[in-house]
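Scroll down for the structure; my scribbles are underneath it.
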Amino acid sequence: MKIISAKYILTCNEEFEILENHAICFDEKIIDIDTLNSLKQKYKEAEFIELPKNSVILPGLINTHLHLEFSANKTSLNYGSFLPWLNSVIEKRDELLKNSTEHIKRALKTLQKSGVTTFGAISSFGEEIELCKKSPLRTYFFVEILGSRPDAVDLLFEDFKHRLRACEDLEDERLIPAISIHSPYSTHPILAKNALDIARKFGYVVSTHFMESKAEREWLDSGSGEFCEFFNNFNPNSKPINSPLDFIELFSGCKTLFTHCTQAKKSEIEKIKSQNGSITHCAVSNRLLGVGRLKIEEIDESILNLGTDGLSSNISLNLWDEMRMALMLHNDIDLNELSKKLLKMATINGAKALNLEAGEISKGKFADFIVCELDSSVENLAQNLILQTKFVKESYIKGERC
Ligand code: MCF
Ligand code: FE
């Protein structure tokens, strides 16, 4: 049992309470929160961790959506518009995957140093699983399934189950199997249904890319737009395989993170919410792929969480960089209000979306927290943390320093 105290504790709870000159008593979980004196009185045998005077404790950050596999990318892919990007991914994929090990290791280090304690890795091929297993961070390993040809469904499903089994074999508290249905334009509903049956049976969390681009909107609504040419290259007379609302319905009963949603309609967002799902916002990725800004001010804050997406559509996997960029991108929202909202998206809301008992400094939650050093008034703490933090001083996961 340990006690740690700080000038400020940003609880990131629903009310966004900030405690001044308080301390936390913890083992694997948070046992108690009070003034240092009362905790020392109450838990006499606990070891005391002394921090510098200007320390701030907050929950470990949660990056709910990234693709480690494409970590080798710097300048290989085309940015600015979705279809040219997608075509460049298909063209450069093998090259990017070939020598990615060192890049993935570096990416995992960045996550750790920046204060991420949990992340969601979307995995198309599964090669990065051993590196995730070695990392001290909690990984939700989203085994991805995709493919639109009905005649390939059986083969693709077998391959998916094989990759999922490999993940299940390594499962422990820090490597959690999860499922990713790539998107409504790329995944046949039978394939999606089969994978989602497994998710429901084992209670796996699910992630999907949804309504990311105008091209996706036009294709799913009317079989028109840029995806028409894209699919006709593979198969003349292609038609969309999912309708947006039916696609969302497939996920009912599964805890699902719908990523991007930049082109989603109000009715679709309402349906996601009514199914207890959440929306993952990837601000930089959306900007780089030219898919429009997610109007976060129009969406219920509690269903929003934050991801960086991969280095295939970002220049950094550091969630502080992402929050800084999001502050600039959503330039009509009050700076301090947006700062608080982003910090909640990156902590408590990420945890809720992943069904994880963490993401806030509250009794009974896992002792996953980080320590930053910052001189700031309490009023501007949220915005100053985002503006000034690149790396954190310390990270604790399940009460252990890493
Ligand atoms: O989230 C971004 C943009 N939207 C869709 N897919 C991806 C993103 N970053 C990487 N991807 C991957 C996806 O997992 O790119 C491939 C899939 O493996 C595109 S489908 C050929
Ligand atoms: Fe993605």
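The figures follow:
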read-out	value
Residue ID - nearest to Lys341 (Cα to Cα), chosen from residues in region 285-306 that are open to solvent by 10 Å² or more (accessible area, probe 1.4 Å) and assigned to a helix (DSSP H, G or I)	Glu301
Sole residue being closer than 21 Å to Gly399 by Cβ and either within 16 Å of ligand 1 (Cβ to nearest atom) or in contact (Cβ under 8 Å) with a residue 40 or more places away in the chain (or both), chosen from Lys134, Lys113, Lys44	Lys113
All positions within region 335-359 that are among the hydrophobic types (A, V, I, L, M, F, W, C), open to solvent by 10 Å² or more (accessible area, probe 1.4 Å) and closer than 21 Å to Ile397 by Cα	Leu356
Cβ pairs under 7 Å, 6+ apart, first in region 312-331 and in the same structural domain as Asp94 (by TED's automatic domain parsing) and under 12 Å from Ser114 (Cβ atoms), second in a helix (DSSP H, G or I) and of a type in the set (Gly, Ala, Ser)	Leu317/Ala107; Glu322/Ala283
Leu96 closer than 23 Å to Tyr185 by Cβ, open to solvent by 40 Å² or more (accessible area, probe 1.4 Å) and hydrophobic (A, V, I, L, M, F, W, C)	no
Region 335-367, residues that are part of a helix (DSSP H, G or I), within 24 Å of Leu68 (Cβ to Cβ) and among the hydroxyl-bearing types (Ser, Thr, Tyr)	none
Test: residue in region 228-251 that is hydroxyl-bearing (Ser, Thr, Tyr), more than 14 Å from ligand 2 (Cβ to nearest atom) and farther than 27 Å from Lys390 by Cα	yes
Enumeration of residues in region 250-276 that are in contact (Cβ under 8 Å) with a residue 60 or more places away in the chain and either open to solvent by 10 Å² or more (accessible area, probe 1.4 Å) or within 15 Å of Lys295 (Cα to Cα) (or both)	Leu250, Lys255, Thr259
Single match in Ala152, Ala178, Ala166 (criterion: among the aliphatic types (A, V, I, L, M) and either within 16 Å of ligand 2 (Cβ to nearest atom) or not assigned by TED's automatic domain parsing to the domain that holds Asn235 (or both))	Ala178
Output for region 54-74, where each listed residue is part of a loop (DSSP other than H, G, I, E, B), within 12 Å of ligand 1 (Cβ to nearest atom) and either within 30 Å of Lys398 (Cβ to Cβ) or open to solvent by 30 Å² or more (accessible area, probe 1.4 Å) (or both)	His67, Ser71
Leu137, sole failed condition from (1) open to solvent by 50 Å² or more (accessible area, probe 1.4 Å); (2) of a type in the set (A, V, I, L, M); (3) under 20 Å from Gly350 (Cβ atoms)	(1)
Which numbered condition Phe125 fails, given (1) within 30 Å of Arg293 (Cβ to Cβ); (2) touching a Leu at 6+ places or on another chain (Cβ under 8 Å)	(1)
Qualifying position, being more than 16 Å from ligand 1 (Cβ to nearest atom) and more than 23 Å from His103 (Cβ to Cβ), among Ile269, Ile279	Ile269
Lone qualifier among Leu111, Leu131, Leu77, Leu51 - being in a helix (DSSP H, G or I) and either open to solvent by 10 Å² or more (accessible area, probe 1.4 Å) or in the same structural domain as Thr11 (by TED's automatic domain parsing) (or both)	Leu131
Single residue of Gly350, Gly290, Gly310 found to be within 16 Å of ligand 2 (Cβ to nearest atom) and over 30 Å from Ile176 (Cα atoms)	Gly290
Counted residues, region 334-393 - those being more than 21 Å from Ile49 (Cβ to Cβ) and among the basic types (Lys, Arg)	5
Pairs, first free of Cβ contacts under 8 Å to residues at least 40 places away in the same chain in region 285-300, second among the acidic types (Asp, Glu) and within 16 Å of ligand 2 (Cβ to nearest atom), C-beta under 7 Å, six or more apart	Ser285/Asp309
Single residue of Asp332, Asp309, Asp321 found to be surrounded by fewer than 20 Cβ atoms within 10 Å (Cβ to Cβ), out of contact with any Pro (no Cβ under 6 Å at 6 or more places or on another chain) and part of a loop (DSSP other than H, G, I, E, B)	Asp332
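Matching residues to (1) modelled with pLDDT under 95; (2) of a type in the set (Gly, Ala, Ser); (3) in a loop (DSSP other than H, G, I, E, B):
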position	(1), (2), (3)
Ile190	no, no, no
Ala195	no, yes, no
Glu212	no, no, yes
Pro236	yes, no, yes
Asp246	no, no, no
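The values are calculated or read from the model by the stated rules, or taken from the named source; none is laboratory data. Keep in mind the model is a prediction, meaning the values are calculated, not measured. Ideal geometry is used to build each Cβ from the backbone, glycine not excepted, and the neighbour counts take in all protein chains shown. Quick note on the areas: whole protein, heavy atoms, side chains included, nothing else; ligands and nucleic acids left out. Shrake-Rupley method; radii C 1.70, N 1.55, O 1.52, S 1.80 Å.
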